[in-house]
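Notes for the one structure printed next.
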Amino acid sequence: AQRVTQPEKLLSVFKGAPVELKCNYSYSGSPELFWYVQYSRQRLQLLLRHISRESIKGFTADLNKGETSFHLKKPFAQEEDSAMYYCASETGGATNKLIFGTGTLLAVQP
Amino acid sequence: DAGITQSPRYKITETGRQVTLMCHQTWSHSYMFWYRQDLGHGLRLIYYSAAADITDKGEVPDGYVVSRSKTENFPLTLESATRSQTSVYFCASSDGDRAREQYFGPGTRLTVT
């Protein structure tokens, strides 16, 4: 079965430290991949998608097909980055379905 | 973001009762989805709909029923609520050129006692 794996449930860093949230996917081929973020008491919102190759709020994510990974990175964490982060992958076909990882809670300490 | 809404935002119900969670979107998106969010499981798809009158099961459909008579509405019904259905439920929609990008509602926190 297709899977999206986020190995860390919690990642705690200090303000100004680099951040890397790990994501591995099992979809064969070239899937469309996303990172969603959920700030406290807010709805999930799209942070970035790999086909856009953009940087949002200082975050970037690089697709590594060899390692089937899509890790989210930021060079200098800010306290306002504290949130739950979900990696998601398309499931293929024409269904528009996504499969989500279990999420990583990022806590940025002052 | 006001384009997709959910009601109620909070609900407490008893085991065995039927409860319906509402989802409404104003974008005329063709796709709509229901997820449940649980600690340790992340987001799991319950049901989805590709268009009005077209629905299909997701990963965890047991105990849930959906309907979609109108494009803008996608209600989720728990026919006989169980404590294992205590969760936060999110509705989402997607369409257009960025078809796989999903837009989420604010969520409904359901507690089954």
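Values computed for the structure shown
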read-out: Top-ranked residue in region B:5-21 [being surrounded by fewer than 16 Cβ atoms within 10 Å (Cβ to Cβ) and assigned to a strand (DSSP E or B); ranked as farthest from the other protein chains (Cβ to nearest Cβ)]; value: B:Thr20
read-out: Number of positions in region A:4-42 that are open to solvent by less than 80 Å² (accessible area, probe 1.4 Å) and of a type in the set (D, E, K, R); value: 4
read-out: Lone qualifier among B:Thr71, B:Thr77 - being touching a strand residue (DSSP E or B) at 6+ places or on another chain (Cβ under 9 Å), more than 11 Å from every other protein chain (Cβ to nearest Cβ) and part of a loop (DSSP other than H, G, I, E, B); value: B:Thr71
read-out: Residue that is more than 14 Å from every other protein chain (Cβ to nearest Cβ) and surrounded by 13 or more Cβ atoms within 10 Å (Cβ to Cβ), where the choices are A:Thr68, A:Thr104, A:Thr91; value: A:Thr68
read-out: Qualifying residue in region B:57-66 (condition: assigned to a strand (DSSP E or B) and within 14 Å of chain A (Cβ to nearest Cβ)); value: yes
read-out: Count of region B:51-63 residues which are open to solvent by 30 Å² or more (accessible area, probe 1.4 Å) and in contact (Cβ under 8 Å) with a residue 12 or more places away in the chain; value: 8
read-out: Residues of region A:71-84 satisfying the condition of being touching a Cys at 6+ places or on another chain (Cβ under 9 Å) and either on the phi > 0 side of the Ramachandran plot or open to solvent by less than 20 Å² (accessible area, probe 1.4 Å) (or both); value: A:Leu72
read-out: Candidates B:Glu79, B:Glu59, B:Glu72, B:Glu101 - the one that is in contact with a Lys or Arg (Cβ under 6 Å, 6 or more places away or on another chain) and of a type in the set (Asp, Glu); value: B:Glu59
read-out: Residue match in region B:34-48 (condition: more than 10 Å from chain A (Cβ to nearest Cβ), free of Cβ contacts under 8 Å to residues at least 60 places away in the same chain and over 12 Å from the mean Cα position of the chain (by Cα)); value: no
read-out: So B:Tyr103, is it surrounded by 16 or more Cβ atoms within 10 Å (Cβ to Cβ) and at pLDDT 95 or above; value: no
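The values are calculated or read from the model by the stated rules, or taken from the named source; none is laboratory data. Note that the coordinates shown come from a computational prediction; the quantities given were computed from them, not determined experimentally. Cβ coordinates were reconstructed from backbone atoms using ideal geometry, including for glycine residues, and neighbour counts include every protein chain displayed. Side chains are part of the model used for accessible areas, which takes the heavy atoms of the whole protein and leaves out ligands, DNA and RNA. Shrake-Rupley method; radii C 1.70, N 1.55, O 1.52, S 1.80 Å.
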